[in-house]
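Okay, structure first, notes after.
The values are calculated or read from the model by the stated rules, or taken from the named source; none is laboratory data. Predicted model, so just to flag it, every value in this text is computed and none were measured. Here Cβ is always computed from backbone atoms with ideal geometry, including for glycine, and neighbour counts include all displayed protein chains. Side chains included, ligands, DNA and RNA excluded: accessible areas come from the protein's heavy atoms. Shrake-Rupley method; radii C 1.70, N 1.55, O 1.52, S 1.80 Å.
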Amino acid sequence: QQQQQQQPQQGSWRDTRHHSSSQYRDVPPILQDQRGFSRDYFQTEGRQRRQTEQPYDENSFSGKLRRDLLSDYDAVAFPWESVWEESGWVQPGQSTNTSDASNIERTGLPVEVGINYYRILSVDVTMSIADIYVWFHEKWYDPRLTWNPDDYGGVEQTWFWIGDDKSEIWTPDIELWNQESSLSESLSNEYAVVKFDGHILWSRAGHLRPVCNFEGLTKFPFDTLSCVIEIGSWVYSGKYLRPTLMDET
């Protein structure tokens, strides 16, 4: 397997890995890890909760936790200053230093992106389009979604719905840049898993349909065909979002 990776630049990363049909197994490895995010949840429990108007008993610890977290929560905006302050940036006028705070470099919110390639469905060399079935993962941190499990009966994680119709929490606008169809159209809507420390994992199954500048066509079909997949924020620069490659994907 040949593998090339390019470091993130300006809020994006490029996946240039080559894949053959022998690499696609029935169960992606990341879905069998020990972090508690199993495929069974997204296929079974997630669908059941989507079909229920109130997925939690409002009088339970989980119900109280959700009410408290979503109280005054703005799903449209993100507190970028909390991310920038970690890199040493301070708001203008609040610095005890004589240096200009605006000159301090601001680092964007790290968003881990992982793709488990499950099966290549089609490759249209004429139209330069590939259709790949994948598990698409995004992981980030939201300081507003943290709590002490001892205050909620030991509950250490909860779930929030993210979908085209209505999303309960803010999500990074990660998109396939060289797209034939948008990720919002080709990936399923799913619940995101939120840990008590504010870390969020959002895993979705669906299709990647990139428009490819295929390499390896000279001796096709006896060559290694490759396609560059470009993923990044659609709106924000690297000062706001900083996509990185997720481990083990």
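Only residues that are small (Gly, Ala, Ser), open to solvent by 30 Å² or more (accessible area, probe 1.4 Å), out of contact with any strand residue (DSSP E or B) (no Cβ under 6 Å at 6 or more places or on another chain) and assigned to a loop (DSSP other than H, G, I, E, B): list them for the stretch 140-189, please. Hits for the stretch 140-189 are Gly153, Gly154, Ser167.
One line per residue, one yes/no per condition, for (1) modelled with pLDDT of 80 or more; (2) of a type in the set (Asp, Glu); (3) over 20 Å from Ser182 (Cα atoms):
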residue: Cys212; (1), (2), (3): yes, no, no
residue: Phe222; (1), (2), (3): no, no, yes
residue: Gly232; (1), (2), (3): yes, no, no
residue: Lys239; (1), (2), (3): yes, no, yes
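Picking from residues in the stretch 224-248 that are under 18 Å from Leu121 (Cα atoms) and assigned to a loop (DSSP other than H, G, I, E, B), the one that is most open to solvent (accessible area, probe 1.4 Å) is Thr224.
With Leu176, Leu145, Leu183 as the choices, which residue is at pLDDT 95 or above and within 18 Å of the chain's Cα centre (by Cα)? Steps first, answer last, please.
Working: Leu176 fails: at pLDDT 95 or above; Leu183 fails: at pLDDT 95 or above.
Selected residue: Leu145, the only one of Leu176, Leu145, Leu183 that is at pLDDT 95 or above and within 18 Å of the chain's Cα centre (by Cα).
For the stretch 190-208, give me each residue that is in contact with a Pro (Cβ under 7 Å, 6 or more places away or on another chain) and open to solvent by less than 20 Å² (accessible area, probe 1.4 Å). Full working, then the answer.
Taking the stretch 190-208 and keeping what is in contact with a Pro (Cβ under 7 Å, 6 or more places away or on another chain), we get 196, 198.
The answer is Gly198, and nothing else.
Restricted to the stretch 92-139, and to residues that are of a type in the set (Gly, Ala, Ser) and modelled with pLDDT under 75, which residue is most open to solvent (accessible area, probe 1.4 Å)? Talk me through it step by step, then tell me what you get.
Step one: filter the stretch 92-139 for residues of a type in the set (Gly, Ala, Ser), giving 93, 95, 99, 101-102, 108, 114, 122, 128, 130.
With the extra rule that they be modelled with pLDDT under 75, the set shrinks to 93, 95, 99, 101-102.
On the way: Gly93: 87, Ser95: 43, Ser99: 62, Ala101: 7, Ser102: 67 Å².
The residue in question is Gly93.
With the requirement that a residue be of a type in the set (D, E, K, R) and without any contact (Cβ under 8 Å) to a residue 12 or more places away in the chain, what does the stretch 166-187 give you?
Applying the first criterion (of a type in the set (D, E, K, R)) to the stretch 166-187 yields 166, 168, 173, 175, 180, 185.
Scanning the stretch 166-187 gives Lys166, Glu185.
The condition of being on the phi > 0 side of the Ramachandran plot, open to solvent by 10 Å² or more (accessible area, probe 1.4 Å) and touching a Ser or Thr at 6+ places or on another chain (Cβ under 6 Å) holds for Gly216. Among the residues of this structure, Pro221 does not count as one that is touching a Pro at 6+ places or on another chain (Cβ under 9 Å) and in a loop (DSSP other than H, G, I, E, B).
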